[in-house]
Amino acid sequence: MDENKTQGQLLQEKLTYKIHNAWEKSSDDDKGKAFEFCEGYKDFLNRAKTEREFAYEVEQLAIQNGFISLDEAIKSNKRLMQGDKVYLVNRKKSVLLAVIGSKPMEDGVNIVGAHIDSPRIDLKQNPIYEDTGMVLFKTHYYGGIKKYQWVTIPLALHGVIIKNDGQLVNVVVGEDETDPVFTITDLLPHLATDQMQKKMSEGITGEGLNLLFGSIPYNDDKVKDKVKLNILNLLNQKYGIIEEDFISAELEIVPAFKAKDVGFDRGLVGAYGQDDRVCAYAALKAIVDTADAEKTAICILTDKEEIGSMGNTGAESNLLENFIAYLYAQSSDDYNEIKLRRCFGNSRMLSADVNAAVDPNFEGVQDKRNASFIGKGLVIQKYTGVRGKAGGSDANAEFVAELRRLLNENGILWHTAELGKVDQGGGGTIALYAANLGMDVVDCGVAVLSMHSPFEITSKIDIYINFKAYKVFLQKA
Ligand code: MN
Ligand code: MN
C-alpha cells in the first residue's frame, strides 16, 4: 500500500499532527446517523429555547428512559444500586442526572457538564409603557450579545409569571404558526446618518432595546394610556395577571424562528441557543445511553453560565458537590466526609461547551494553528481565560493525554483549539468550578459560527462526533 510513498512522506505521516475533515473520515453509516441525530436535536431546540424549558424537557426524557427522582429516593431512603438511573431538577433551571456504576464512589465519578442558558433579552421588572400610540416593553439583555443583531427580527416571549397568590403562569407567545410575534425596531437608512457614524457597540443601545408589543387603544375617552390599558386587559383575559405581576416574573425574549438545516447539502444546523445546548443535548443523550459503566456517570446541566455561573442555579453553587454527596450516601454504607473528598479528587469531568470556529469572513481574530474549524470533529480546549490565560481553567497534561488516548482508541476525530488569538479576547466556562473541587477537567465541545447571535451555526457531523465522545467518556473513562 505504501510502496509508492517516499521515506520523507512516510516520516511526515508518522510524525505530524493533522486535522481531518470529519465528513471525509466518517463512514456512510455514521454520516446517516449524524443526520438522524440532528433531527432530534433540532426538534429539542425548538421545544427548549430557555433554561426552564430545557430543564423541563430533560426531566421528561429522563423519566421516559427510566430515570427516577433522586429527591424521592432520598425521601423514601431508597438504596441506589449499580445500574440505577436518577435525576435531580434544581429550581426548574438546572438538572443533574446519574447512572450508578460498579466501582466504589471513592474511586471517582465521570462527569459531562454543559450549560442550558443562552444569551437573550429579558424583560425588566416594570416593563410596560405607552409611547406614540404604541406599547413597548423595557428590557435588560442577558449575557454577551451584539445588540444590533437583535433588531428587526421576529421575536418570541417565553417565561413564567408568579402571581401574588403563588400561582405559576407559563407564557410562550410567538412559536405557533398562528401566534403573533414581537420585534425591536431600527432606524431607516435615510435618517441614520448620525447612527451610522457611531461605533457598532453604540449604534443600538441597551436602553434602546424596547420590544414592540401593541398598538390598538382601549375604547374609552376618559382614560390615559389607552393602548397600554388594552394590552393589560388582553393579558388579564389570557393569563389572569395584573401589571404588578411582572415584578415576580421571568420573561425572556428569544428569536421566534425555528432550527433549520443550512446549506444546499444540509450539512449545517442554524438555530438560536446552540451555545451551549448543542453540548447539553449531546451530554443528555450520552447519559441516557450509558449502561454498565464501571464508574458512576453524571451529567450536569447548569444555568447562568452566560453571566458568570453565579447564583443558586449556576455552576459556582454547591449543586454538583451536593449531588455527588447525595449519590454517595444513597448508594453505599461507607459514606463519610473524607471518602467524599477523595471521590471529588479522583473524579474527571468534560466541561462541554462550544468553541469559536474559524470564520472565513473574520480570519484575523484566530491563530489558525490553534483554532477550531467547522466539520473537523470534537474541539479540545486545554485552557480557557483571557490575556495571559487569566480567569481560566487549565487541564493537566496527564488528563489531556488520557482523553486523547480514549478518543483515539475509539476512533473519535478531534482537534485542539483555543478561543481566539492571544490578547484578542477569550472566555470562560464552567470548568473552573469543578476544578475547584479537585477534579480533573478539560473543555471540549463543538465549533460554532456566529456564536451568541440569534442564529448560530454548527456542523451536523461535529454534533454527532461530540455526542459519541461524551458517550465514550461516560462509559469507558
Ligand atoms: Mn457556552
Ligand atoms: Mn456563551
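Rule-based calculations on the coordinates, nothing more; no lab input. As the structure is a computational prediction, the values presented were derived from the model and not from experiment. Positions of Cβ are generated from backbone atoms using ideal geometry, with glycine treated the same way; all protein chains shown enter the neighbour counts.
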Checklist entry - Which value, in Å³ per residue, describes the convex hull spanned by the Cα atoms of the chain? => result 183
Checklist outcome for this item: With a Förster distance of 45 angstrom and the Cβ-Cβ distance between residue 422 and residue 140, calculated FRET efficiency to the nearest 0.05 equals 0.85
Checklist entry - So, in nm, how far is label residue 225 from label residue 334 when the simple model puts each one 7 Å beyond its Cα toward the Cβ? => result 6.6
Checklist entry - Which aspartates and glutamates does residue 228 reach when only Cα atoms under 16 Å apart count, and residues fewer than 8 places away in its own chain are ignored? => result 130, 131, 220, 243, 244, 245
Next on the checklist: Using only the Cα atoms of the range 41-179, what are the Rg and Dmax in Å?
Outcome noted: 19.8, 67
Checklist entry - Rounded to the nearest 0.05, what FRET efficiency do residue 216 and residue 341 have when you use their Cβ-Cβ distance and R0 = 45 Å? => result 0.10
Item to check | Average Cα contact separation per residue, the chain, under 8 Å, 6 or more apart, as relative contact order % | outcome: 22
Checklist entry - From the cross-link list 199/368; 75/163; 199/224; 260/468; 25/421; 93/238, which pairs have alpha carbons spaced over 32 Å apart? => result 199/224
Item to check | Antiparallel content of DSSP bridges confined to the chain, in %, to 5 | outcome: 70
Item to check | Violating pairs (Cα-Cα greater than 32 angstrom) within the set 33/124; 258/476; 78/339; 78/382 | outcome: 33/124; 258/476; 78/382
Item to check | Contour minus Cα-Cα distance for residue 243 and residue 409 (0.36 nm per residue) | outcome: 53.8 nm
Checklist outcome for this item: Length gained if residue 291 through residue 91 is fully extended, taking 0.36 nm per residue and subtracting the Cα-Cα distance, is 69.2 nm
Item to check | Helical contribution to [θ] at 222 nm, DSSP H n ≥ 4, -39,500 (n - 2.57), averaged over the chain, rounded to 500 | outcome: -9500 deg cm²/dmol
Item to check | residue 178/residue 148 FRET efficiency (R0 25 Å; Cβ-Cβ; nearest 0.05) | outcome: 0.25
